[in-house]
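Below is one structure; the comments refer to it alone.
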Amino acid sequence: MQKKEMLAVEMINISKEFPGVLANDSVNFSLAQGEIHALLGENGAGKTTLMKCLYGLYHPDAGEIYIKGKRFNVTSPNIAIENGIGMVHQHFMLIPPFTVAENIVLGREPRKNGMLDQNKAILEVEELSHKYGLNVEPRAKVQDITVSMQQRVEILKTLYRGADILILDEPTAVLTPQEVKELINIMKNLTSQGKSIIFITHKLKEVKAISDRVTVIRRGKVIDTVETAGATEAGLAKMMVGREVVLQVEKGQAAPGEIILEVESLKAKDERGLPALTGTSFQVRRGEILGIAGVDGNGQSELAETLIGLKRPTGGKIVFNGQDIANFSTREIIEAGVSFIPEDRQKRGLVLDFTLYENLIMGQHYRPPYASGININYRRVKKEVQRLIKEFDVRTPGEDILARALSGGNQQKVILAREFDREHDLLVAVQPTSGVDVGAIEFIHNRIIEQRDNGKAVVLISLELDEILSLSDRIAVIYEGEIVAIMDSEEANEDKLGLLMAGAGNRKEMGGGVE
């Protein structure tokens, strides 16, 4: 095999084309031994496609790949794994009913009398987790552990198979700020022990905190590779989107009006039937944004689902415009004037096999101006849909394209267009910028501020503390299913909120108390 200079990875002139899309256009990328190299770009820029070529999930149409100085034709993940490459995908590939140990050793199980040797598997996982500082409980079932623990399991899976080159695809997308800090420490510990890491992301702050070098990809082409230490967030953002990006939300003072939403002692159970909301109370006024901060799993999902009627509460009231809607159906709540940006856009926000225009009119398709009686006015639909596509900058070849063919950022814009355009007094926005790039984040944040300034009440539920601090007029902290403090945003900071989110600190001294 042809020898090359000893880099962990070198990819030369990689091109990969799909029907109608040149995902990678003569891309050059290298990973030095022991470094953390960030691969930065907008959604749909070609980052994940490039790494799937390295991992053998895709076969490049042109170019060469060298691993530790030797040229390889990586035709399958098995070949990548045999050559020390492991990939942790954005959507984890674990079997929930299996234990942590069973997931880690799956396919390479230690055996005794032809059967899985459970004790040896547990011992091997414990030794591996201690070696790399990735502490997990080998006997726990994956379905019972947190998302951050599941991520550790995925990393341990790659290490168990001998990986010393790790590809992490959007690893912080589902983590809290505290968990992100833990992951940074884990990544630095891995590189100190000789591992090399490729970190796919679109989050500028984390690029600065984690990486040694950063390569920016835009529309399938490499814009530049720079040392992280000398880069600025503004400069990286400009490379990503090709223009200046306002990273800080600009908003004027709120002018709150009457109370639109009053939640009183709300109780609800999670999908396992255990208490998730244990007496949640708060108010939201017209013309303000109430941000709800908390560590994932403290009742945020159940709160959103009860507000929009996807889950029935077991106690308490949800008073919207003077009417208790706690037992309304989702359709009745929407018709009463509530719009909803769901946490999972693909499961809750879109029908992926429907067209863009069908998704844009969903929930309104049976009402004027889109319908008269049982007949849909397709001429009017087309006119309104084209207006929304333009107004919300949805990048699409046409309104007849299937929703699944759009990038994540454009899928999110479709949901925003639909929910903002319908008549409403209250917007419930859950993780509105999850998994979208910096340009789309700027757009979405500005649109949410517009909602407030147009007199709407906004409940913003987000795991991104920067987002909560930037957008909110008031901030409520949820802990173990209860609002433990509410404060004006001017009084809040990451440290204060972090203590409350962890259940620590004197609530009165920390600010605000509970309304």
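For region 265-324, the gyration tensor built on C-alpha atoms gives an oblate shape. Its axis ratio a/c (a ≥ b ≥ c) is at least 1.5, and a/b is not larger than b/c.
For Asn327 and Ala62, the FRET efficiency from 1/(1 + (r/R0)^6), where r spans their Cβ atoms and R0 equals 51 Å, is about 0.30.
Peptide packing for 248-255, 277-284 was compared via the average number of neighbouring C-beta atoms within 10 Å per residue; ordered from the highest value, the list is 277-284, 248-255. A helix-only calculation puts the chain at -9500 deg cm²/dmol for mean residue ellipticity at 222 nm, using -39500 (n - 2.57) for each DSSP H run of at least four residues, averaged over all residues. Of all aspartates and glutamates in the structure, those lying under 16 Å Cα to Cα from Lys251, and not within fewer than 8 positions of it along the same chain, are Glu288, Glu442, Glu450, Asp453, Asp466, Glu467, Asp473, Asp488, Glu490.
Prolate is the label for region 9-241, because the ratio a/c of its alpha-carbon gyration tensor axes (a ≥ b ≥ c) is 1.5 or higher and a/b is greater than b/c. Taking every alpha-carbon pair under 8 Å whose residues sit at least 6 apart, region 9-241 reaches a relative contact order of 29 percent. Based on C-alpha pairs under 8 angstrom that are at least 6 apart in sequence, the chain has a relative contact order of 15 percent. Counting only Cβ charges, +1 for Lys and Arg and -1 for Asp and Glu, the dipole size of the chain around its Cα centre is about 1380 debye. Spacing of the modelled spin labels on Asn73 and Arg272, each 7 Å from Cα toward Cβ, amounts to 4.9 nm.
Under the classification rounded if a/c is under 1.5, otherwise prolate if a/b is larger than b/c and oblate if not, where does region 316-443 fall, given a ≥ b ≥ c as square roots of the Cα gyration tensor eigenvalues?
In terms of gyration-tensor shape, oblate.
Counting only lysines at least 8 places from Lys181 when in the same chain, those with an alpha carbon closer than 20 Å to its own are Lys131, Lys195, Lys203, Lys205, Lys208, Lys496. Partners of Lys112 within straight-line reach, counting aspartates and glutamates whose Cα lies under 17 Å from its Cα and excluding those fewer than 8 residues away in the same chain: Glu102, Glu124.
Taking amide H as placed 1.01 Å from N in the peptide plane, the amide H of Asn24 sits under 5 Å from that of Lys16, each at least 5 places away or on another chain. Treating r as the C-beta distance of His91 and Ala255 and R0 as 51 Å, the FRET efficiency rounds to 0.80. Taking the longest Cα principal axis of the chain as reference, the axis of helix 378-391 is set at about 70 degrees.
Would you mind checking the pairs Lys52/Lys157; Lys317/Lys413; Lys269/Lys456 and listing those with alpha carbons more than 25 angstrom apart?
Pairs exceeding the cut-off: Lys317/Lys413; Lys269/Lys456.
In terms of the mean number of neighbouring beta-carbon atoms within 10 Å, the peptides 307-319, 137-149, 331-343 order highest first as 331-343, 307-319, 137-149.
Between Met6 and Ala229, the C-beta separation translates, for a Förster distance of 25 Å, into a calculated FRET efficiency of about 0.60.
Values quoted throughout were computed directly from the atomic coordinates according to the rules given, and no laboratory measurement underlies them. Because the structure is a prediction, the values reported are computed rather than measured. With ideal geometry, Cβ positions are generated from the backbone for all residues, glycine too; neighbour counts draw on all protein chains shown.
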